[in-house]
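Working notes for the structure below.
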Amino acid sequence: MIVKKDSQRPRVLEIGHAVRTAYCGYLLAALGAHVTKVVVWQSYPAPMATTHRADQRAAAYFFDHKKTVRSRDDSGDLASNLGDIDVVVAGSGADIEEFLGLSCDAIRARHSACVLAIASMFGESGEYRDLLGGEAEALALSGLMSMIGEPGREPLRLGGPQTEQAAALSLFTGIMVALYKRCETGRGTEVLTSAVRSTAYLDWKSHIYFAGEGKVLQRGSNNGPVVLACSDGFVGFYYRDEEWPAVKKLVADDRLDDAKFDTQLGRDRHRSELVEILESFSRDLTREQLYRRSQDLRIPAGPVLTLAELGGDRQLQARRFLRDEQVDGLGIVTVPSVPWTVDGVRGSA
Amino acid sequence: MSSGALSGLRVVDLSGITAGGRTTQLLGDFGAEVIKVEGPRRPDPFRHWTGVTGESGGDDLGSPPFRVVGRNKRGVAIDLKDPRGVATFRQLVETADLVVENFRRGVMEKLGIGFSVLRSWNARVVLLSISSQGDDGPERDFVSFGGTLEALSGLMSVTGYSPGEPVWTTSKVNFPDQVVALLAPGLAIDAVMRSRRTGAGTHVDLSQRESVVSLLGSLLAATAVTGTTPQPAGATSADETTLCCRCQGDDEWVVVTVGAAKEWQRLTDAIGRSDLRVDPRITEYSMRQRRADALVKEIEAWTARRTKHQAMVELQRRGLRAAAVLRAFELDAETPARGESFHVRVPTSAGTSEQQISWPFTIHSDNPPEVRRRAPHVGEHTGEVLTELGFTCDEVEKLHAAGVIAGNMTVGGSKSAKS
């Protein structure tokens with residue numbers, strides 16, 4: 001039932017149905033690992049506990065290249081075959097116990113070479129462990145949510161299950177660290193992360209500015225780059241001080257010659273007026289026109305694309321990044337590939 | 001050599017600013033030996049970064065974010081535009097497992113150190129290239145920063161207060177760089193393990209834009225399934241209502257998520273507003289989602305009389321998903337509740353120490369991550385590293401006098417090297 005030892009590729013047992021474990025398993029499978037996913041549902045594909053109901057079926061592509069088994073039928077078999085497993089990926093220590101009937105301590109004692117990799121939502125210790133919540137609550141407790149949005153208005157969440165996926169990325173890298181160490185020692189170890197921990201790590205600049213300089217960073221676009229309205233949407237216009245001469249050339253508006261716009265500090269102080277001038281130029285352009293003209297002058301700018309527009313994007317098409325996949329019960333679904341190539345091949349060479 | 005889990009992994013770090021720098025920092029935290037190579041006259045711009053506060057912070061360690069991404073690295077200054085610099089760099093590469101770069105596309109080849117050259121020097125070397133849009137394609141040479149990638153990836157189109165107000169994370173967060181730096185170390189380690197098995201190095205090409213799109217994969221797939229393009233909706237999401245409510249104090253908030261009818265009942269009980277349950281405008285889930293703004297006002301009558309922590313505790317006790325919206329400086333005080341610290345003390349050049357965020361995961365072994373050294377000055381370890389490579393004192397001095405290398409030419413307080 002579990003993929004048997006047939007190569008040097010790691011054999012992974014992925015337990016449960018959280019986004020964070022599913023995405024981690026997906027990344028490992030893309031690198032050639034043999035991933036066996038254990039679910040509790042009686043049917044397959046099983047829905048995942050995402051925050052978006054339409055995602056639950058659409059995200060079935062996370063199951064790519066995985067063998068799926070049902071724990072109720074096979075738990076005894078799973079536990080007895082753990083000797084063939086290199087990595088166990090789970091959403092909590094409790095999940096491991098529930099699915100395999102073994103505690104983490106018992107697995108470590110019996111299978112010392114096995115890497116136990118756990119990504120929880122709120123941590124595996126302390127009062128937080130038992131909190132009720134999901135994506136929004138993890139984002140709030142991580143500190144990152146307080147940095148998203150505009151000053152004076154409520155903090156926002158990022159689109160998509162970003163805290164769970166941050167945990168998946170952390171766990172993926174943690175597993176690689178553990179496997180590297182195991183190459184030398186022959187011994188496995190335990191890798192632990194959480195959605196809160198991984199997301200807090202993303203907001204590291206807030207921590208160092210507070211510790212190093214006593215500054216509390218506030219959310220919002222109050223300096224430097226601006227978002228500009230165009231005739232058909234918006235463009236992220238990430239100009240910096242060194243691009244200011246190019247911005248003036250692009251916009252060609254005498255009002256920008258005013259001395260108050262000569263420095264970044266001055267432009268930040270007169271930000272509303274600056275945006276008004278820039279938008280008097282950008283509103284007559286499409287996003288594509290502003291993107292092209294900015295890039296011609298080496299100004300970092302990018303159109304705000306909708307998800308529906310990504311399919312027609314030249315760059316993503318040229319790199320064959322998006323692919324159409326047949327998903328049971330849904331037909332053809334457009335999904336992303338993994339975001340790397342190895343020697344020119346997507347995923348693993 | 002460190003005692004960390006990645007002990008024995010040798011990394012030559014050509015990266016600048018965040019994505020590459022944070023990648024190699026994580027490798028260093030877990031025990032890899034990281035040698036940061038900078039140009040003597042064009043060091044890493046992150047050393048004088050004004051992007052966050054508008055201030056650059058003084059000397060080459062004055063920039064707070066650089067002090068984080070530079071920790072656990074040694075610094076070497078070599079002019080790669082000079083053939084003698086390239087020859088010196090070659091000796092570093094010959095001893096390395098991994099080279100990391102995030103130059104503009106084409107710069108490595110222009111310097112004469114593209115992957116084919118690196119591999120001719122060291123057949124098992126891995127090159128990790130982190131770039132905005134990947135190594136090929138019509139827009140590979142376009143300039144971008146994290147913010148533009150949030151736009152190009154679609155993230156901004158699903159983040160904001162409304163469809164007419166897309167929001168980016170700004171340079172204070174720069175989300176694309178941060179998530180890439182979680183993925184890239186794992187890819188690099190995997191590639192190194194393969195090269196050690198096979199004896200053949202590889203080139204890993206990681207696109208930051210694609211990385212962010214891949215994190216929107218389930219929404220992208222849902223778009224294809226439903227034919228409906230997701231829109232930004234404040235703190236809430238498509239199938240559950242997350243309400244962000246103001247609490248006592250300035251800019252203090254609590255989030256509470258209400259999906260099922262049972263949760264709606266619990267919430268109305270908690271805030272003493274059972275009358276809301278029979279309000280015909282919000283009896284159904286979809287109605288509540290459409291009227292989220294009005295609901296927030298009703299709930300704020302209750303939350304505004306409480307601190308965010310009090311609100312969180314009371315709502316959790318009622319069986320509701322709720323959390324205080326913490327700010328970074330508050331996370332340290334939450335350590336007992338979390339049961340784990342997210343911070344580490346790091347030495348400074350002034351002889352003191354400062355608190356930095358630690359690591360995104362922990363490993364339970366005899367080889368925990370640690371901070372062994374602060375970020376280096378430009379070329380602080382040039383003499384030391386070249387001496388280890390076998391350069392003689394005369395060779396080092398000649399290169400230094402010619403401006404090919406720069407920084408500190410001493411080893412342990414005395415002049416380098418073998419004579």
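Here chain A exposes an accessible surface that is 47 percent carbon and sulfur, computed with a 1.4 Å probe and the other protein chains kept in place. Interface burial in the range B:41-59, defined as at least 40 Å² less accessible area with all protein chains than with the chain alone at a 1.4 Å probe, covers B:V52, B:T53.
Calculate, for A:A109 and B:D366, the FRET efficiency according to 1/(1 + (r/R0)^6) with r their C-beta to C-beta distance and R0 22 Å; round to the nearest 0.05. Display every interim value, and only then the final one.
Details: r = 17 Å, r/R0 = 0.77.
With a Förster radius of 22 Å, E is 0.80.
Centroid-to-centroid, using Cα positions, the range B:278-310 and the range A:270-293 are 38 Å apart.
Spatially, the range B:314-355 and the range B:102-133 are offset by 39 Å when compared through their Cα centroids.
If the range B:125-274 were replaced by its equivalent ellipsoid, with semi-axes equal to the square roots of 5 times the Cα gyration tensor eigenvalues, what would those be, largest first, whole Å? Please list the in-between numbers first.
Working: eigenvalues 308, 68, 53 Å².
With the √(5λ) rule applied to the range B:125-274, the semi-axes are 39, 18, 16 Å.
A helix-only calculation puts chain A at -11500 deg cm²/dmol for mean residue ellipticity at 222 nm, using -39500 (n - 2.57) for each DSSP H run of at least four residues, averaged over all residues. Partner shielding of B:134-142 amounts to 6, given as the average count of beta-carbon atoms from other chains within 10 Å of each residue beta-carbon. Size descriptors for the range A:238-349: radius of gyration and Dmax over Cα atoms are 19.9, 63 Å.
Can you list the aspartates and glutamates whose alpha carbon sits under 12 Å from that of A:K66, skipping same-chain ones fewer than 8 residues off? Partners within reach: A:E14.
Here the spin labels are modelled as points 7 Å beyond Cα on the Cα-Cβ line, and at A:E184 and A:R240 they lie 3.6 nm apart.
What does the helix-only formula give at 222 nm for chain B: each DSSP H stretch with n ≥ 4 adding -39500 (n - 2.57), the total divided by the residues, and the result rounded to the nearest 500 deg cm²/dmol? Counting only the DSSP helices, I get -10000 deg cm²/dmol. From the Cα gyration tensor of the protein assembly as shown, with a ≥ b ≥ c the square roots of its eigenvalues, which class applies: rounded if a/c is under 1.5, or else prolate if a/b is larger than b/c, or else oblate? It comes out oblate by the Cα gyration axes.
Within the listed set B:G383, B:G154, B:G259, the Gaussian network model of chain B (springs between alpha-carbon atoms below 10 Å) gives the highest mean-square fluctuation for B:G259. The label-point distance for B:A260 and A:K248, in a model that sets each label 7 Å from Cα toward Cβ, rounds to 6.3 nm.
Accessible area per residue for the range A:239-293 is 56 Å², calculated with a 1.4 Å probe on protein heavy atoms, without ligands, DNA or RNA. Counting Cβ atoms of other protein chains within 10 Å of each Cβ in A:219-228 and taking the mean gives 5. GNM on chain A, alpha-carbon springs under 10 angstrom: the most fluctuating residue among A:S146, A:S125, A:S198 is A:S125.
May I ask you to give the percent of accessible area on chain B that is carbon plus sulfur, with a probe radius of 1.4 Å?
About 49 percent, which is the carbon plus sulfur part of the accessible surface.
Peptide B:60-66: average number of partner chain Cβ atoms within 10 Å per residue?
Working: counts 0, 0, 2, 2, 9, 5, 1.
Mean inter-chain Cβ contacts per residue within 10 Å come to 3.
About its Cα centre, what dipole magnitude does the range B:117-245 give when the only charges are +1 on Lys and Arg Cβ and -1 on Asp and Glu Cβ, stated in debye to the nearest 20?
Values: 8 positive and 12 negative charges, 142 e Å.
My answer is approximately 680 debye.
A:L330 contributes an accessible area of around 40 Å² to the protein surface, as traced by a 1.4 Å probe with all chains present.
Would you mind getting me the FRET efficiency between B:D136 and B:R42? Use the beta-carbon distance for r and R0 = 22 Å, nearest 0.05.
My answer for the efficiency is 0.25.
In terms of its C-alpha gyration tensor, the range B:232-356 comes out prolate, because a/c is 1.5 or above and the ratio a/b outweighs b/c.
Placing a pseudo-label 7 Å from each Cα along the Cα-to-Cβ vector at B:S353 and A:R292 gives an inter-label distance of 5.7 nm.
Remark: the range B:26-137 carries 33 Å² of accessible area per residue (probe radius 1.4 Å; ligands, DNA and RNA excluded). With 0.36 nm allotted per residue and the present C-alpha distance subtracted, the B:S3-B:D394 stretch has 137.4 nm of extension available. Taking B:L276, B:L80, B:L243 in turn, the Gaussian network model of chain B (Cα-Cα springs below 10 Å) assigns the largest fluctuation to B:L276. Heavy atoms of chains B and A lose about 12700 Å² of accessible surface on contact, summed over both sides with a 1.4 Å probe.
Over 18 Å between Cα atoms: which of A:K205/B:K172; A:K205/B:K308; B:K36/B:K73; A:K67/A:K181 fall into that group? Don't skip to the end; give the middle numbers.
Numbers: A:K205/B:K172 7 Å; A:K205/B:K308 24 Å; B:K36/B:K73 6 Å; A:K67/A:K181 27 Å.
Beyond 18 Å between Cα atoms: A:K205/B:K308; A:K67/A:K181.
When only DSSP loop residues count, what trypsin sites (Lys or Arg not before Pro) in the range B:1-92 have their Cβ near at most 12 other Cβ atoms within 10 Å?
Numbers: sites: B:R10, B:R22, B:K36, B:R41, B:R47, B:R67, B:R71, B:K73, B:R74, B:K81, B:R84, B:R90; in loops: B:R41, B:R71, B:K81.
Listed in order of number, the matching sites are B:R41.
Cα centroids of the range A:210-261 and the range A:95-159: 37 Å apart.
Students often get this wrong, so check it: of A:K37/B:K262; A:K249/B:K110; B:K262/B:K297, which have C-alpha atoms separated by over 23 Å? Cα-Cα > 23 Å for A:K37/B:K262; A:K249/B:K110; rest within.
With R₀ set to 51 Å, the beta-carbon distance separating A:R255 from B:R84 gives a calculated FRET efficiency near 0.50.
The values are calculated or read from the model by the stated rules, or taken from the named source; none is laboratory data. Values in this document were obtained by computation on a predicted structure and should not be read as measured data. Glycine gets a Cβ as well: all are built from the backbone with ideal geometry, and neighbour counts include every protein chain shown. Keep in mind that these areas ignore ligands, DNA and RNA; they rest on the heavy atoms of the full protein, side chains included. Shrake-Rupley method; radii C 1.70, N 1.55, O 1.52, S 1.80 Å.
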